[in-house]
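Contents: one structure, followed by commentary.
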Amino acid sequence: MTLADGWMIYLLLALTMYVVLDGYDLGIGVLTLLERNDRRRRSMYELVAWMWDGNESWLVLLALAIWSGLPLVAGIALPALYIPLALMLFSLILRGVSIEMLAQYEGWNPSWGTVFGWASLLAAFWQGAAFGGLLAGVAVRGGSFAGHPWSFLHNGYSMLTGLAAVALYTFAAAVWVYARSDGVLQRSVARLGRFAVVALAAGTALSWALLQTAGSTNLDAGASSRLPVWLAGAAILASGLAVAFWSLGHASGRIAVGSALAVYGGGLTLLLGLLYPRVVPPDITVHAAASPHAALVFAIVGAGIFIPIILTYQSFAYWVFRGKLRVPKEVTVQ
Amino acid sequence: MSHDTLLDLSRWQWAITAMFHVTFPALTVGTSVFMAACYWMYMRTDEDVWLRMFRFWRRIFGIGFAIGVVSGIVLTFEFGLNWGPFAHDVGPIIGVIILMEVVTAFFLEAGFLGLLVFGDGRIGKRMMMFANVMVTVGTVLSVTWILVANSWMQTPAGFKRVDGQFQPVDWQHVILNPSFPLRFIHMLVAVLISASWFIGGISAWYFLKQRHLPIARRGVSIALGVLAIVLPVQGFIGDSVAFDVVGKYKAPELLAMEGNWSKKGSTSYNLLVWPDQSAAENDWHVAIPMLGSFIGKDFSGNTPTPGLKLVPSKLRPLMSPTFYGFRTMYLGYLLMFAVAMAGVILRLRGRLFSARWFHKVLLWMTPIGILAIWGGWITAETGRQPWIVNRQLLTADAVSPLHAWQVLASLVCFLAFYLALLGIYSWYVARAVRQGPDYPPEAEPQAPAQPQAPVRPGLVPGS
C-alpha cells in the first residue's frame, strides 16, 4: 500500500465524518419542513445551531484533502461538477446565514425557518447530485475536464443520487433527534425516520442498479478481486437499514444510532469496493492523481497531529450540549 | 464566447467573492479579541458592565461569523471550480498549506464557537474564557495560514516544477517565504485596526443617543487606545511592505500603483489618474508637484518615481485598480491617523466623552478599516497580474475550461446573494445596536454550576 492509497482511505474517512455529522444537520433542516409544531422545530434547530460550524468543517477538510493529496482530482472534478457544486454553495450560504438569523429571535421565526429548511434540503440534494455526477464518470482529455456544463446530469442519474442524499441525511437526522429526544418529538421523528429508511433503501438500490447504464463509467461491480468487499459493504448496509427501521419507535436511541453507523460503514465499504483504485471514474486512479511524497508526508503528519486533537474538543462540545432536548411548553411570544 | 471573456469573468468572480469574504474576518478577529478582553475584565472585577459588554459584542460577533464562514467555504471550492489548472499545479503546496489551516484553525474556531455563543448556563466562567480564547486563536491562525498561502503566490520559494506542477522541496522556505513575515504582521494589525473602528463607531452611536454610557465610554476608550498604538506601527510596517516586498519582488506593482507611465517618470505625487492601458498613458491626471520626490525621501524634489513603461507591455498589471486600490488604503490610513490623533488630544484634554462632533466623526469612520483592507488587497492581487503565481504561472493559463455563461451565471448569483447579505448583515447589526446591550430584558442565564440543559433551551445568544 502506498502513501496515495492511505490518502484515499483518509479521504473516505473525512467523507464519512462529514456525512455523519453535517448529514444530521442538513437532515434536521429537512425535518423542520416536515414537522408541524413550531416548538419542536425550534428544539431540533437548536441541535444544529450548537454544532453546525464544527460539523460543516468536515466538508472543508474533505475538499482540502482532495486538493492537497489528489490535486489532479481537484483540477478535473471541480470544473466538471461546476453547476451542482455552485448550487450547493448557494444553499450552504443560505443555510449558514439562516441559522445565525434564527438565533436572533425567540421561538421559531417562520421566514428564516423556511429558508433554513429549504436551503438544507437543497444543499443535501446538490451534494448528492455532484457525487452521482462524479460516480457516473467524468470525461477527461490531456489531464483536463473535456466534457460540457451539463455532463454531470448523466441522463438524470445525478438527480436520483441527489434525492438519495436527501433521504440519507433525513434518515441521519431522524436517528439523531430520536436519540436526543423523548415524548411527542421522539414519536414524531420515529415516524418520519421510518419513511426516510424506506426512501434511502430505494434510492440506494436504484442508484446501484442504474450506475452501469448511467454514463461512461467502467465501474465493474463484478470484478472478482473486489467482489467480497462490496458484497460485505452491501450486506452491512442492508442489515443496518433493517435494524434502523425496526429500532425507530421500538428500541433505544443507542440502537438506532448504532444501526445508522452500520449504514454509513456499509455504504463506505461498498464505495471503496466499487471505486478503488479509481477516484475520478472512469480514467483517473488514485496513483495518477496523487501529490508527490514531500507533500503527502507533510499533510499526513500535519493532519495526523491535529485530527485527534480536533476529535477531542469536538467530543467535549457534544458533551457540553448533552442531554435530552426539552421542548418548551409555554407559548413563546415573538 | 472567447477565452478572454471566460478569464475576465472568472477574475471578477474571484474578486467579488474574496472581497466579500474578507470583510467579515476583518471584523470578527478583532471583535473576538475585544470580547475576550471584556470577559477577562469581568472575571477580574466582577463588574456587571463588562459582562453586559461581552454579551452585547458576542451577539454582534455571531451575526458576522456565520457569513464569514460560509463565504470562506465558497473560496475554498472556488479555487478548484474556476481555477482547476491552478489547483492541480499548486495543490501539493497551497493545498497542503490550506489543509493545515483547516485542521489547526477552522476546526478550532468552529469547535468552540458553539460553547462561546450558546454556552451560557452550561459552562462556567473559566471554560467560557477558554472558549473565547480558542475562537480568537483559531481566527488568528486562519489569518496566518492564508497569508502563508497568498505570500507564497507573491514570492514563491522552496519548490521545484515537475511537468508544470509545483512540488515542495523545502517546507521551511515554502512557509517562511520572503514576503510572508511582513505581510502577515501587516494583515494582522490591519484586522485589529478595522475592528477598532467598528467598535468605536458603534460605541460612539450610543454617545450620540445618550444611551448605555458606561459601555460607550469603555468601547471608545479601548478602541481609540488600540488605534493610537497600532496605527503608527502599521505605518512603519506598511512602508516596509512597500519597499522590502513590493519594490523588491513585485516591481511592476510598485510602478503601477504610483500612476506614472513614462520610463523616466515624474517627481509629482498622483492623486487621480485616468489611465489608457493600451496606449500606455494617462488621459488626464491630478498630481501634487514634487511630493513624489519627497515621499521618496529626496527633499530636493529631484527624484522621479519611474513609470510602468519600464515593464514589457504583456507583463504590465492594470494601472487603474492597482493605483486606486493603493490610494484608497494609503489615504484611508492617513485619515485614520488624523482622527486617532484627534482622539488622543481630546482624551488628554478630558473632552473625549463630551465632544459630540468627534462622536459623529467616529460613527462615519466605522467602515474605514474595511475600505483600507479592500484597497490593500486589490493592490496586491491586481498588482501581481498577469501572474497568478508570481513570475511562474500566468493567470490566463490557470482558468478552468468552462463555458463563459456558467461563470456569468454564478457571478450574477454571487453578486445578488452578497449584496443582499450585506444588507441583511447591516440591518441585523443595526437592530442589535438599537436593541442595545440589555436586550432581551427578561432572560437570565442559569447558574454556571448547573450542568443540565436549561428548561428553556431557546436562547438568543447574548441574552
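Annotation for the range B:39-47: no member residue is open to solvent by less than 10 Å² (accessible area, probe 1.4 Å) and either within 14 Å of another protein chain (Cβ to nearest Cβ) or in a helix (DSSP H, G or I) (or both).
Screening residue B:151 against (1) surrounded by 18 or more Cβ atoms within 10 Å (Cβ to Cβ); (2) in contact with a helix residue (DSSP H, G or I) (Cβ under 7 Å, 6 or more places away or on another chain); (3) in contact (Cβ under 8 Å) with a residue 60 or more places away in the chain leaves a single unmet condition, (3).
On the stretch given as the range A:22-54, residues that are of a type outside the set (D, E, K, R), under 26 Å from residue B:139 (Cβ atoms) and more than 11 Å from chain B (Cβ to nearest Cβ) total 1.
Consider residue A:264 carefully, then state whether it is aromatic (Phe, Trp, Tyr) and over 26 Å from residue B:91 (Cα atoms). When the stated conditions are applied, residue A:264 passes them. The set of residues in the range B:352-361 being out of contact with any Phe, Trp or Tyr (no Cβ under 8 Å at 6 or more places or on another chain) and either under 16 Å from residue B:213 (Cα atoms) or surrounded by 15 or more Cβ atoms within 10 Å (Cβ to Cβ) (or both) consists of B:354, B:355, B:358, B:360, B:361. In the range B:92-106, the count of residues that are modelled with pLDDT under 95 and open to solvent by 10 Å² or more (accessible area, probe 1.4 Å) is one or more. Assessment of the range B:296-307 against the conditions (surrounded by 13 or more Cβ atoms within 10 Å (Cβ to Cβ), assigned to a strand (DSSP E or B) and not β-branched (Val, Ile, Thr)) yields no matching residue. Take the conditions (1) open to solvent by less than 10 Å² (accessible area, probe 1.4 Å); (2) in a helix (DSSP H, G or I); residue B:205 misses just one of them, which is (1). Only one of the numbered conditions (1) buried (at least 21 other Cβ atoms within 10 Å of the Cβ); (2) within 14 Å of another protein chain (Cβ to nearest Cβ) is not met by residue A:274, and that is (2).
In a residue-by-residue description of the range A:118-136, the property of being more than 9 Å from chain B (Cβ to nearest Cβ), of a type outside the set (D, E, K, R), free of Cβ contacts under 8 Å to residues at least 40 places away in the same chain and over 22 Å from residue A:29 (Cβ atoms) applies to no position.
When the range B:1-31 is examined, which residues are found to be of a type in the set (Ser, Thr, Tyr) and more than 18 Å from residue B:201 (Cβ to Cβ)? If the condition is that a residue be of a type in the set (Ser, Thr, Tyr) and more than 18 Å from residue B:201 (Cβ to Cβ), then B:2, B:5, B:10, B:17 are the ones that fit.
Matching residues to (1) among the hydroxyl-bearing types (Ser, Thr, Tyr); (2) within 14 Å of chain A (Cβ to nearest Cβ); (3) closer than 14 Å to residue B:410 by Cα:
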position: B:21; (1), (2), (3): no, yes, no
position: B:30; (1), (2), (3): no, no, no
position: B:58; (1), (2), (3): no, yes, no
position: B:74; (1), (2), (3): no, yes, yes
position: B:87; (1), (2), (3): no, yes, no
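Exactly one residue out of B:217, B:211 is surrounded by fewer than 18 Cβ atoms within 10 Å (Cβ to Cβ) and touching a Leu at 6+ places or on another chain (Cβ under 9 Å): that is B:217. Checked against (1) surrounded by fewer than 24 Cβ atoms within 10 Å (Cβ to Cβ); (2) touching a Leu at 6+ places or on another chain (Cβ under 9 Å); (3) within 10 Å of chain B (Cβ to nearest Cβ); (4) part of a helix (DSSP H, G or I), residue A:101 passes all but condition (2). Those residues that are in a helix (DSSP H, G or I) and of a type in the set (Lys, Arg), I need them from the range B:336-372; list them, please. Across the range B:336-372, the qualifying residues are B:347, B:356, B:360.
Count of the range B:164-185 residues, restricted to those that are open to solvent by 10 Å² or more (accessible area, probe 1.4 Å) and free of Cβ contacts under 8 Å to residues at least 60 places away in the same chain, is 10. Find the residue count for the range B:94-116, including only residues that are at the interface with chain A (Cβ under 7 Å from one of its Cβ atoms) and closer than 20 Å to residue A:75 by Cβ. Going through the range B:94-116 one residue at a time, the tally reaches 5. Consider the range A:137-154 and keep the residues that are part of a loop (DSSP other than H, G, I, E, B) and free of Cβ contacts under 8 Å to residues at least 12 places away in the same chain. The one that is surrounded by the fewest Cβ atoms within 10 Å (Cβ to Cβ) is A:142. State all residues of the range A:197-213 that are in contact (Cβ under 8 Å) with a residue 40 or more places away in the chain, open to solvent by less than 70 Å² (accessible area, probe 1.4 Å) and not β-branched (Val, Ile, Thr); if no residue qualifies, say none. Residues satisfying the conditions are A:200, A:201, A:203, A:207, A:211. Condition check for residue B:141 on (1) within 14 Å of chain A (Cβ to nearest Cβ); (2) touching a Pro at 6+ places or on another chain (Cβ under 9 Å); (3) more than 23 Å from residue B:393 (Cα to Cα): one failure, at (2). Among residues that are within 21 Å of residue B:429 (Cβ to Cβ), part of a helix (DSSP H, G or I), more than 7 Å from chain B (Cβ to nearest Cβ) and free of Cβ contacts under 8 Å to residues at least 12 places away in the same chain, residue A:111 is included.
The values are calculated or read from the model by the stated rules, or taken from the named source; none is laboratory data. Here the structure is a predicted model, which means the values were calculated and not measured. As a convention, Cβ positions derive from the backbone with ideal geometry for all residues, glycine included, and neighbour counts pool all protein chains shown. The accessibility values were calculated without ligands, DNA or RNA, using every heavy atom of the protein model including side chains. Shrake-Rupley method; radii C 1.70, N 1.55, O 1.52, S 1.80 Å.
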